[in-house]
Amino acid sequence: MRYRRILTSLGVLAVALFAYATTYVRQPTVSELSTAWVGWADSLGYFRVQLSENGTGLCGFYERSTSGPRLYEVTKWTLKDLDIELTLKPIDPDAWALTMKGNATPGELFLILGDARKKGWGVKAYFRHESMIDSMAESTKKRMRDYRKPTDTK
């Protein structure tokens, strides 16, 4: 009887693991990715990437240790299955060569940022829809403002 319970438990666990392992992330469409994305690379670099449906765009990079943002032209971005790659061209004179590639889902970008050298630096960055981040920030600010409002006691 005890072995039957163990075998039943293992069978249920195996079915659950199999079901979880075969859950696929839906491939994003070009249209879904053609929006503004924001994210941080380590804790020092803030990125804003605007992707257009024609496969181009802009990228702004603000590094806390510098006086202002650097701008890049996204000369091409490509999507194959879940893989995304952005080709960047520096616009500002003090901007260095930068690469971005990784995975895309309809709501998130997981990118490896690098300096375009074979053995250069690389850092992971996580991007979300800018509109979603703005919405969360505004909702939180509103909730905090509403909490602080004095109640009308008439």
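Quick look at the numbers
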quantity	calculated
Taking the C-alpha atoms of the range 30-148, convex hull volume expressed per residue in Å³	117 Å³
Total charge dipole magnitude, the range 30-148, about the Cα centre, Cβ charges on Lys, Arg, Asp, Glu only, Debye to nearest 20	360 debye
Rough spin-label spacing in nm, given labels placed 7 Å along Cα→Cβ, for residue 133 and residue 63	1.8 nm
Positive minus negative residues near residue 89 (Lys, Arg vs Asp, Glu; Cβ under 13 Å)	0
Segments 82-95, 36-49 sorted - mean Cβ within 10 Å per residue, highest first	36-49, 82-95
Net charge of Cβ neighbours under 12 Å - reference residue 52; Lys, Arg +1; Asp, Glu -1	-1
Sparse-neighbourhood loop sites, chymotrypsin sites (Phe, Trp or Tyr not before Pro) in the range 49-154 - DSSP loop, at most 14 other Cβ within 10 angstrom	96, 121
Residues whose placed amide H lies under 5 Å from that of residue 105, excluding near-sequence neighbours	110
Neighbourhood charge, 9 Å Cβ-Cβ cut-off, centred on residue 61 and excluding it, Lys, Arg +1 and Asp, Glu -1	+1
Proximal aspartates and glutamates relative to residue 89, as straight alpha-carbon distance under 19 Å, when same-chain residues fewer than 8 apart are discounted	53, 63, 73, 115
FRET efficiency, residue 141 to residue 31 (Cβ-Cβ, R0 35 Å, nearest 0.05)	0.70
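Read-outs: derived from the displayed coordinates by stated rules, not from any lab. These numbers were taken from a predicted model, which means no experiment stands behind them. We place every Cβ from the backbone using ideal geometry, glycine too, and count neighbours over all the protein chains shown.
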